[in-house]
Number of protein chains: 2
Amino acid sequence: VFRRKASASSENQIVRFLEERFGGRRASLEMGIGDDAAVFRPPGAEERWVVTTDMLLEGVDFRADWQTPEQLGWKALAENLSDLAAMGVRPRFYTVALAIPSAIGESWIAAFYQGLTSLAKIHGAILIGGDLSRSLHGVQVCIAALGETLRRKILYRAGGKAGDGIYVTGSLGRSAAGLFLLEQGCTEGATLAERLALEAHRRPRPRCREGLWLAQQSLAGGMIDVSDGLSMDLHRLCRASGAGAEICLSRLPRFEASGSWGCDPLELALHGGEDFELLFSIPAGKTARFEASYPRRLEPCTQIGRLTRHPGVYCVDGRGGRRRRVAERGFDHFRS
Amino acid sequence: VFRRKASASSENQIVRFLEERFGGRRASLEMGIGDDAAVFRPPGAEERWVVTTDMLLEGVDFRADWQTPEQLGWKALAENLSDLAAMGVRPRFYTVALAIPSAIGESWIAAFYQGLTSLAKIHGAILIGGDLSRSLHGVQVCIAALGETLRRKILYRAGGKAGDGIYVTGSLGRSAAGLFLLEQGCTEGATLAERLALEAHRRPRPRCREGLWLAQQSLAGGMIDVSDGLSMDLHRLCRASGAGAEICLSRLPRFEASGSWGCDPLELALHGGEDFELLFSIPAGKTARFEASYPRRLEPCTQIGRLTRHPGVYCVDGRGGRRRRVAERGFDHFRS
């Protein structure tokens, strides 16, 4: 269910094509297609506004029996808030288009919206509209979220420079470890680690506070959220910044416990999707100041490598092993 | 394909429930759930901003073989621009979430975006982002559109008052007449009238210019777009305005030609969906001034009745016949 059919071109290529051919320009538009979200400045407004959208389809992005409707609502909004977090802006408003099969009734709908609004409340986002319709095949959700900068600060993918340290919040591969459990039929979790993995997959925490703090400090270079796996999103950050990267595998904050249920924690940390952590760069001269000032109340972050002049993403194992290329093989809807 | 399964509650009822239970409030939010679009004022901005979203599903809202991908892109955006037109605001930006089965390739995608952007260009809207994914069952499109007021003018559904004249732009029932042809297997159109009906269904023209003009004149009371059929959308306008309505059937600008292929033009004018005309009210003392000043370059409009103190929507046939209640039976995703 979670792997796609073959296709001639990857999602990245198609998005670039769409940007070149159909992307528009306007004075008030600061960033169109191509970053985590689009950025515009309403004439006269003090702050810039950011808009993002994501669609989740049953059978492609989730399975009906793998989470409650509350968890589905939570996760659908989390994906969008994570895009706003990746720009370092404050969530403001969101709309929800929901299509449901006729077998689904009002209590399901109420629970779904309960999940949405409980996450929204944490981050100050308000439901302002939507669309409700019937579907013939499963549940489909599409959310659009609007964010606002604070003191005009914003971070883009393209802000990285060769020499920057690369950091990531939290740990990587935990959501993929939870997905693995679900695929094995384990929906409850017998141990604490299993429950943590399932929770990460079903109820991810978008790093809005961390993103906002990073934008406010004016220390970070480029930023992106890790939604499709580190290998893919780091490639995106590098391409946007005109840089390459070298990461140290021993430094990757992986979810080691998944080894106990048959996963390779390193593999999941590199290529597993939906962790919704933030991946960002800090200029070399500022890393010490950054690390000293990073608040304890926020999700801890770890330096995992640095941006390089040479393009491409490489890794070293940290124990004197050789330098190898990291394939870009996180989640791609359009790759074979 | 275009009629829904039975359900306990109607779309209107569910939306009211969601508004009461999950709708939020914030100083900068002027209108949340409940109108054609939500309205907010970015702090410091001169103008108010409006956001709307609509989802279209293959097999529910359209059939793959009934229009080209260009026409599908056009129509998907037209639905959203019509919501902006109904508030009298200028289209600015839009995002597109698109999910497509693996059999669909790049030329289809390019044609779809061509349709979107060709309509967008007419009304000054710019594609600023989106989401692209695979679907297992047909094409799914979800657009979110942002509009901006001009000189702070905006029109709401709730602006109508008893005594107002009720007007509608263009004609009603033409899109439904085109849908009827498609359902009969007529996809080309042998006569001019058939081609006009098919064109109305496949490539509807959102009344953005008319809506903007109406908002600028400060003559209109309440406004809504006719997307789900006159009977349903007039009921919505009335409920929001705390009024009823009496319409004169002989005045309805119907698409008479559909009678030649077996439709009842009056029936389609009352209950057919997707015309995307504007339905608005003009206070009694201003109707003469309104009619005298309405520009010829805009789609003509017709007075079809008036708002009443007594709730409910009624019709008279205009030839001395008796007053009858108009059932609210336009298009509803959630009604049996």
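The values are calculated or read from the model by the stated rules, or taken from the named source; none is laboratory data. Bear in mind that the values here come from a model prediction, so they are computed numbers and not experimental data. FYI the Cβ positions are ideal-geometry reconstructions off the backbone, even for glycines, and counts take in every protein chain you see. Accessible surface areas use protein heavy atoms only, side chains included; no ligands, DNA or RNA. Shrake-Rupley method; radii C 1.70, N 1.55, O 1.52, S 1.80 Å.
The H on the amide N of A:ARG48, modeled in the peptide plane, is under 5 Å from the matching H of A:THR149, A:ARG152, each at least 5 residues off or on a different chain.
Approximating the spin labels as points 7 Å out from Cα along Cα→Cβ, the B:GLU291-to-A:CYS186 distance works out to 7.6 nm. For chain A, the spread of Cα coordinates along the three principal axes comes to 57, 56, 45 Å, biggest extent given first. Under the criterion of Cα pairs below 8 Å and six or more residues apart, the relative contact order for the stretch B:167-301 equals 44 percent.
Over the stretch A:84-212, one equal point on each Cα, no solvent: what is log10 I(q)/I(0) by the Debye formula at q = 0.15, 0.19 Å⁻¹? Taking Cα atoms of the stretch A:84-212 as identical point scatterers yields -0.98, -1.22.
Around the amide H of A:ASP36, modelled in the peptide plane, lie the amide H atoms of A:ARG157, all under 5 Å away and 5 or more residues distant in sequence or on another chain.
Averaged over peptide B:137-143, the number of partner chain Cβ atoms lying within 10 Å of each residue's Cβ comes to 6.
At q = 0.22, 0.26 Å⁻¹, what base-10 log of I(q)/I(0) does the Debye formula yield for the stretch B:103-165 when every alpha carbon is treated as an equal point scatterer in vacuo? Treating every Cα as an identical point scatterer, log10 I(q)/I(0) equals -1.06, -1.28. Averaged over the residues of peptide A:19-30, the number of Cβ atoms from other protein chains lying within 10 Å of each residue's Cβ is 4. Peptide packing for A:215-225, B:313-323 was compared via the average number of neighbouring C-beta atoms within 10 Å per residue; ordered from the highest value, the list is A:215-225, B:313-323. Comment: the Cα-to-Cβ extended label point of B:ASP264, at 7 Å, lies 6.8 nm from its counterparts in the other copies, nearest first. Its relative contact order, with pairs defined as Cα atoms under 8 Å and 6+ residues apart, puts the stretch A:162-218 at 34 percent. Taking every C-alpha pair closer than 8 Å and separated by at least 6 residues, the mean separation divided by the residue count of chain A gives a relative contact order of 23 percent.
Protection proxy ranking of B:29-41, B:11-23, by the mean of other Cβ atoms within 10 Å over each peptide's residues and highest first, is B:29-41, B:11-23.
Here the Karplus curve 6.51 cos²θ - 1.76 cosθ + 1.60, taken at θ = phi - 60°, turns the phi angles of the stretch A:87-95 into couplings of 9, x, 10, 8, x, 10, 9, 8, 10 Hz, with x standing for Gly and Pro. Our coupling estimate for the stretch A:304-309, obtained by passing each phi through the Karplus curve with A = 6.51, B = -1.76, C = 1.60 and θ = phi - 60°, is 10, x, 8, 7, 10, 5 Hz, Gly and Pro reported as x. The residue among B:PHE40, B:GLY170, B:VAL60 whose Cα reaches farthest toward the positive pole of the charge dipole of chain B, with charges on the beta-carbon of Lys, Arg, Asp and Glu, is B:PHE40. Pairs A:LYS75/A:LYS153; B:LYS75/B:LYS286; A:LYS121/A:LYS161; B:LYS121/B:LYS153; A:LYS121/B:LYS121: which exceed 28 Å Cα-Cα? Violating the 28 Å limit, Cα to Cα: B:LYS75/B:LYS286; A:LYS121/A:LYS161; A:LYS121/B:LYS121. Placing unit charges on the Cβ atoms of the charged side chains and taking the dipole of the stretch B:211-284 about its Cα centre, the candidate lying farthest along the positive direction among B:GLY259, B:LEU278, B:MET223 is B:MET223. Per atom type, the stretch A:126-249 shows carbon and sulfur on 49% of its accessible surface, probed at 1.4 Å. Along its three principal directions, the equivalent ellipsoid of the stretch A:171-303 from the Cα gyration tensor extends over semi-axes of 28, 16, 13 Å, largest first. Taking amide H atoms as placed 1.01 Å from N in the peptide plane, the amide H of A:GLU30 lies under 5 Å from those of A:VAL39, A:PHE40, A:ARG41, each 5 or more residues away in sequence or on another chain.
I need the calculated FRET efficiency for the pair A:ARG325 and A:ARG21, taking r as the beta carbon distance and R₀ as 45 Å, to the nearest 0.05.
0.90
With Cβ to Cβ distances under 11 Å as the rule, what net charge do the other residues near B:GLU277 carry (K, R +1; D, E -1)? In short, -3. Normalised per residue, the accessible area of the stretch B:165-233 is 30 Å², obtained with a 1.4 Å probe and no contribution from ligands, DNA or RNA.
Here the Karplus curve 6.51 cos²θ - 1.76 cosθ + 1.60, taken at θ = phi - 60°, turns the phi angles of the stretch A:127-138 into couplings of 6, 10, x, x, 8, 10, 8, 8, 10, 8, 10, x Hz, with x standing for Gly and Pro.
Each other copy holds its own label point for B:ARG309; taking that point as 7 Å from Cα along Cα to Cβ, the gaps run 8.4 nm, nearest first. Total buried accessible area between B and A, probe 1.4 Å, nearest 100: 5900 Å².
Per-residue mean of foreign Cβ neighbours for A:36-45 is 6 (Cβ atoms of other chains, 10 Å radius).
A simple charge model with +1 on the Cβ of Lys and Arg, -1 on the Cβ of Asp and Glu and nothing else charged puts the dipole of chain A at about 1180 debye relative to its Cα centre.
Distances between copies of A:GLY321, taken at a point 7 Å out from Cα along the Cα→Cβ vector and listed shortest first: 8.2 nm. Note on the protein assembly as shown: with charges restricted to the Cβ of Lys and Arg (+1) and Asp and Glu (-1), its dipole about the Cα centre is near 1660 debye. Calculated from the alpha-carbon coordinates, the protein assembly as shown shows an Rg and a Dmax of 26.1, 96 Å respectively.
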